[in-house]
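Asks: Once you've had a glance at the structure underneath, I'll fire off some questions.
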Amino acid sequence: MLAFGLLTAVLAAVASALPAAKRAPGAWCNGLGGGAFDSLSNFTLAAYNATGINTNTTGAPLVLGSAGAISGAELKDLATFASFPFNQYPSIALSEGRLLPTGPGTTPTAQNGVTAGSEVVFLASNSAQPSQGAQIWCAVADIDPAGHGTGHPFLAVNSDTDSFSLCPINSRVSVVYNATTGRGYDLDACYPVKLQLIF
């Protein structure tokens, strides 16, 4: 009986020392391969020019810009820091497919989805429930067998890393998903970018 108790104690100790199983990312990461993940905290975003010259491996830093207001809430879009030099939300988390901008003393943000042809927008309101936001985001490691990668993971929405652009909108340069004509910005002034997680 003593041997059985000792064996049980040893097995319990060994089991607790083993690493926990990795949680598989959700359906919003389908098709992105083994390097995909949907949870990470404390990072920022940058827009890396997908077709032009970049002055560094990170790209243009992104912040939440002021994109307007609706009944008791502010609209915040992803904009370049150069066009909106304020950073109230200095950290972002990816939580089971939800993108959660955070900052000290800031209003909570939530996102219901991303519309093709539109800016990537967050709703900032005291009644926002970030944990109820749309589960559409994923990140994927930049693994280039030829060694031409930037070393930073790419952000994907609905398993798509390739449809983001930077477009001049009013006084900001904002991230647009699947840019198209007739949407309030000059499509010819837009250029494709990859959104990178910087940590």
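Asks: Let me spell out the model: positive unit charges on the Cβ of Lys and Arg, negative unit charges on the Cβ of Asp and Glu, origin at the Cα centre of segment 24-198. What dipole size does that give, in debye rounded to 20?
Replies: Value, rounded to 20: 260 debye.
Asks: Using the alpha-carbon centroid of each, what span in Å lies between segment 105-176 and segment 28-68?
Replies: Taking the Cα centre of segment 28-68 as reference, the centre of segment 105-176 is 7 Å away.
Asks: Something else now. With N residues in the chain, what two-decimal value do you get for its Cα radius of gyration over 2.2 N^0.38 Å?
Replies: Normalised Cα radius of gyration, the chain: 1.23.
Asks: Which of Phe37, Phe154, Phe81 moves the most in a Gaussian network model of the chain with Cα springs under 10 Å?
Replies: In this elastic network of the chain, the residue with the biggest mean-square fluctuation among Phe37, Phe154, Phe81 is Phe81.
Asks: If R0 is 25 Å, what FRET efficiency do you get for Ala134 and Asn56 from their C-beta distance, rounded to 0.05?
Replies: 0.20
Asks: Additional query: Going by alpha carbons, how many degrees (0 to 90, nearest 10) lie between the helix axis of 2-17 and the longest principal axis of the chain?
Replies: Once rounded, one gets 20 degrees.
Asks: Go ahead and estimate [θ] at 222 nm for the chain from helices alone: -39,500 (n - 2.57) per DSSP H run with n ≥ 4, summed, over the residue count, rounded to 500.
Replies: -2500 deg cm²/dmol
Asks: Evaluate the distance, in nm, between pseudo-label points positioned 7 Å from the Cα of Leu187 and of Phe86 along their respective Cα→Cβ axes.
Replies: Computed distance between label sites Leu187 and Phe86 equals 3.3 nm.
Asks: Quote to one decimal, in nm, the extra length available between Ile70 and Leu40 on full extension: 0.36 nm per residue of separation minus the C-alpha distance between them.
Replies: 7.8 nm
Quick note: the coordinates plus some simple rules give every number you see, no bench work behind them. Please read these numbers as outputs of a predicted model, since none were measured by experiment. FYI the Cβ positions are ideal-geometry reconstructions off the backbone, even for glycines, and counts take in every protein chain you see.
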